[in-house]
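Novice: Please see the structure below; I have some questions.
The values are calculated or read from the model by the stated rules, or taken from the named source; none is laboratory data. Small disclaimer: the values here were computed from a predicted structure and weren't measured. Cβ: placed from backbone, ideal geometry, glycine included. Neighbour counts: every protein chain shown. The accessibility values were calculated without ligands, DNA or RNA, using every heavy atom of the protein model including side chains. Shrake-Rupley method; radii C 1.70, N 1.55, O 1.52, S 1.80 Å.
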Amino acid sequence: MIKVVFLDEEQGWQSSFYNSFSEKYEIIIPDTLPKNIEDIWELIRDSQIAVVDYRLNGDGTISYTGDAVAREIHKHNKHFPVLILTSYEDNAIQECIETQSIRGKEMITEPSLQEKLCSIINSSVGIYERKKADSEKCIKDLQEKINNGEKLTSQEESDKYDSEVYLAELDMDSSLRANLINRGTSKELEEMISLAHKIIEKHDKR
């Protein structure tokens, strides 16, 4: 079962979401939301997707909104699926730039729309998991070529690097990402130096 975290400050919506989707998903609903948004990742990290109410601060208990939650999540995992549910969709569309989808909260309670929400959840998680698996496979396959003494083509080197960066971005708290970024920066610097040398050589020949 897909693990879905549902974040909403209202117990009524919490109950509605659980009753509507608990037979299809493993639902995780925190009893309370942390005062500090920096603590939100601990509620999310073991799930596969977060479904978040846009107006989390509606009753004044907490100060942050759904779009802020999405930004905080993506500080830890750049590609983690986040869906914003809101009854104020126009405002959310303008403000929630970190999310994959935005839909009305009536999708929780209306049977005719529940299946649509399930499709969005399934699709979002499917794309996320597939991209992760493809990146892992790419690295494994190309590393096997290297281990067998084969030289990678420029495209294969690029694909391997892109896959490594993508996987590193799934764990932004790890030092692996910093190492990869440094490698990327060094690679770009080498390319710039090489280009500069070529320009100088071309100029000297004139």
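Novice: Looking only at the range 53-65, which residues are in a loop (DSSP other than H, G, I, E, B) and not β-branched (Val, Ile, Thr)?
Specialist: Tyr54, Arg55, Leu56, Asn57, Gly58, Asp59, Gly60, Ser63, Tyr64
Novice: For the range 118-137, state whether one or more residues are part of a helix (DSSP H, G or I) and modelled with pLDDT under 90.
Specialist: From the range 118-137, those part of a helix (DSSP H, G or I) are 118-137; that's our starting set.
Still in the running and modelled with pLDDT under 90: none.
No, there is no match, as no residue in the range 118-137 is part of a helix (DSSP H, G or I) and modelled with pLDDT under 90.
Novice: Take the range 32-47 and flag every residue that is assigned to a loop (DSSP other than H, G, I, E, B) and open to solvent by less than 40 Å² (accessible area, probe 1.4 Å).
Specialist: Scanning the range 32-47 gives Leu33, Pro34, Ile40, Ser47.
Novice: Looking at the range 12-31, is at least one residue part of a loop (DSSP other than H, G, I, E, B), over 14 Å from Arg71 (Cα atoms), open to solvent by 30 Å² or more (accessible area, probe 1.4 Å) and in contact with a Ser or Thr (Cβ under 8 Å, 6 or more places away or on another chain)?
Specialist: There is no residue in the range 12-31 that is part of a loop (DSSP other than H, G, I, E, B), over 14 Å from Arg71 (Cα atoms), open to solvent by 30 Å² or more (accessible area, probe 1.4 Å) and in contact with a Ser or Thr (Cβ under 8 Å, 6 or more places away or on another chain).
Novice: Another question, then. Checking the condition under 20 Å from Arg130 (Cα atoms) and either at pLDDT below 95 or assigned to a strand (DSSP E or B) (or both), which residue from Ala68, Ala50, Ala92 passes?
Specialist: Going through Ala68, Ala50, Ala92 in turn, just one is under 20 Å from Arg130 (Cα atoms) and either at pLDDT below 95 or assigned to a strand (DSSP E or B) (or both): Ala50.
Novice: Here is a further query. Just to be sure, is Lys137 within 24 Å of Lys3 (Cβ to Cβ), basic (Lys, Arg) and surrounded by fewer than 17 Cβ atoms within 10 Å (Cβ to Cβ)?
Specialist: Yes, satisfied.
Novice: Would you mind finding the one in Glu144, Glu115, Glu190 that is over 30 Å from Ile44 (Cα atoms), at pLDDT 55 or above and of a type in the set (Asp, Glu)?
Specialist: Working: Glu115 fails: over 30 Å from Ile44 (Cα atoms); Glu190 fails: at pLDDT 55 or above.
It is Glu144.
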